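A.B. asks: Mind looking over this structure? Questions follow.
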Amino acid sequence: MQGYEEFKRDVFKLTGLDLSLYKEKQMKRRLESKISRLGKKSYKEFFDLIKSDKKAFDDFMSYLTINVSEFFRNYEQWVKLEKVVIPKLMKKSKELKIWSAACSTGEEPYSMVMLLTRFFPLSQIKILAADIDDEAINQAKQGLYREKSLDNIPRDLREKYFEKIGSSYKISEEIKSRVEFKKMNLLADTYPTGFDLIVCRNVMIYFTDEAKDEMYRKFNASLRDGGILFVGSTEQIISPSKYNFSSEETFFYTKYL
Ligand SMILES: C[S@@+](CC[C@H](N)C(=O)[O-])C[C@H]1O[C@@H](n2cnc3c(N)ncnc32)[C@H](O)[C@@H]1O
């Protein structure tokens, strides 16, 4: 389909989102299937639609950003987090500063708060959770989930922190209140600093190598010395030392100076 270059420029002007930092083949395939399903014939027609129709715009952003998530996603890695990574971080700091960098609909930061209740009183837990997608953040703040996404939650935590409402499950206010949600574009915004742990999972797979390169540097700068970056299960860093990271556990990278 013609017109992708112009579409990227238009989307950037409209949203500040630079699609050229997302893997092109994958992005075009997804967009073109969406465009056809909407009965549109070109990127231009599609852009005219999202520019003039708020609902179509929100729908485009959600589609683009792929919000799939679940609690304790890849459970084995959360076990490693509990048994190895958090105890190691606690030797350095008594209170952990944590950022869930592409938090989607909230499953990841809420999993983190629940896990941390095994180590700290709730009042000492505070997590920053950010995503580019307003709609996802709104859903996260609502905290309502389908049963399927709860599958991996350890039974004690699930019983303690969820209430069944109709066919959904609502996360408790005490867990919710420990998370601060913020809109942030990882490809353009300034990163916050001073973290012991950054969780950035299942988003870098969508980005080009150049974009990832820049992000690893920025994540490194956002961590304290000895701080850890936790990535998704298909997102191992090829040469971590290039970014001053060492890999002691798979999917966890420690910053060194
Ligand atoms: C597949 S979800 C991953 C959610 C969660 N981290 C997990 O592993 O279950 C990817 C998330 O990345 C977000 N995202 C995509 N591009 C982004 C960007 N440039 N900046 C921040 N978040 C972005 C999407 O909105 C989406 O919520």
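The values are calculated or read from the model by the stated rules, or taken from the named source; none is laboratory data. From a predicted model like this one, the values you see are computed outputs, not experimental measurements. Cβ sites come from the backbone with ideal geometry, for glycine too, and all protein chains shown count toward neighbours. To get the accessible areas, we keep the full protein, side chains included, count just its heavy atoms, and leave off ligands, DNA and RNA. Shrake-Rupley method; radii C 1.70, N 1.55, O 1.52, S 1.80 Å.
A.B. asks: Could you pull out the residue among V68, V79, V85 that is among the aliphatic types (A, V, I, L, M) and either within 14 Å of the ligand (Cβ to nearest atom) or open to solvent by 60 Å² or more (accessible area, probe 1.4 Å) (or both)?
C.D. replies: Working: V79 fails: either within 14 Å of the ligand (Cβ to nearest atom) or open to solvent by 60 Å² or more (accessible area, probe 1.4 Å) (or both); V85 fails: either within 14 Å of the ligand (Cβ to nearest atom) or open to solvent by 60 Å² or more (accessible area, probe 1.4 Å) (or both).
Residue meeting the stated conditions: V68.
A.B. asks: Next up: Run down K23, K44, K34 and say which single residue is away from the ligand (no atom under 14 Å from the Cβ) and open to solvent by 50 Å² or more (accessible area, probe 1.4 Å).
C.D. replies: K44
A.B. asks: So which residues in the range 2-31 are under 19 Å from I66 (Cβ atoms) and outside any helix (DSSP H, G or I)?
C.D. replies: G16, L17, D18, Y22, K23
A.B. asks: Still on this structure: Taking the criterion of being under 13 Å from the mean Cα position of the chain (by Cα) and open to solvent by less than 10 Å² (accessible area, probe 1.4 Å), would at least one residue in the range 186-198 satisfy it?
C.D. replies: Yes, some residue in the range 186-198 is under 13 Å from the mean Cα position of the chain (by Cα) and open to solvent by less than 10 Å² (accessible area, probe 1.4 Å).
A.B. asks: What number of residues within the range 108-128 satisfy the criterion of being open to solvent by 10 Å² or more (accessible area, probe 1.4 Å) and within 15 Å of the ligand (Cβ to nearest atom)? Before the answer, list the steps.
C.D. replies: Start the filter on the range 108-128 by keeping residues that are open to solvent by 10 Å² or more (accessible area, probe 1.4 Å), which leaves 108, 117-124, 126, 128.
Now narrow it down to the ones that are within 15 Å of the ligand (Cβ to nearest atom): 108, 128.
Residues flagged as open to solvent by 10 Å² or more (accessible area, probe 1.4 Å) and within 15 Å of the ligand (Cβ to nearest atom) within the range 108-128 amount to 2.
A.B. asks: In the range 129-157, which residues are closer than 24 Å to Y63 by Cα, open to solvent by less than 70 Å² (accessible area, probe 1.4 Å) and not in a helix (DSSP H, G or I)?
C.D. replies: A129, A130, D131, I132, D133, G143, Y145
A.B. asks: Quick check on the range 26-49. Is at least one of its residues of a type in the set (S, T, Y) and either under 17 Å from M184 (Cα atoms) or in contact with a Cys (Cβ under 8 Å, 6 or more places away or on another chain) (or both)?
C.D. replies: Residues of the range 26-49 of a type in the set (S, T, Y): 33, 36, 42-43.
Narrowing further to those that are either under 17 Å from M184 (Cα atoms) or in contact with a Cys (Cβ under 8 Å, 6 or more places away or on another chain) (or both): none.
Scanning the range 26-49, I find no residue that is of a type in the set (S, T, Y) and either under 17 Å from M184 (Cα atoms) or in contact with a Cys (Cβ under 8 Å, 6 or more places away or on another chain) (or both), so the answer is no.
A.B. asks: For the range 93-104, indicate whether the set of residues that are in contact with a Ser or Thr (Cβ under 7 Å, 6 or more places away or on another chain) and within 9 Å of the ligand (Cβ to nearest atom) is non-empty.
C.D. replies: yes
A.B. asks: If you don't mind, there's one more thing I want to ask. Name every residue in the range 32-72 that is assigned to a loop (DSSP other than H, G, I, E, B), touching a residue at least 60 places away in the same chain (Cβ under 8 Å) and not aliphatic (A, V, I, L, M), in order of residue number.
C.D. replies: N67, S69, E70, F71, F72
A.B. asks: Can I ask one more? Determine, yes or no, whether K97 is open to solvent by 50 Å² or more (accessible area, probe 1.4 Å) and touching a strand residue (DSSP E or B) at 6+ places or on another chain (Cβ under 7 Å). Even if it seems obvious, please write down each step before you answer.
C.D. replies: Numbers: open to solvent by 50 Å² or more (accessible area, probe 1.4 Å): yes; touching a strand residue (DSSP E or B) at 6+ places or on another chain (Cβ under 7 Å): yes.
In short, yes.
A.B. asks: In addition: Of all residues in the range 145-158, which are under 18 Å from the mean Cα position of the chain (by Cα) and among the aliphatic types (A, V, I, L, M)?
C.D. replies: Within the range 145-158, L150 is the sole residue that qualifies.
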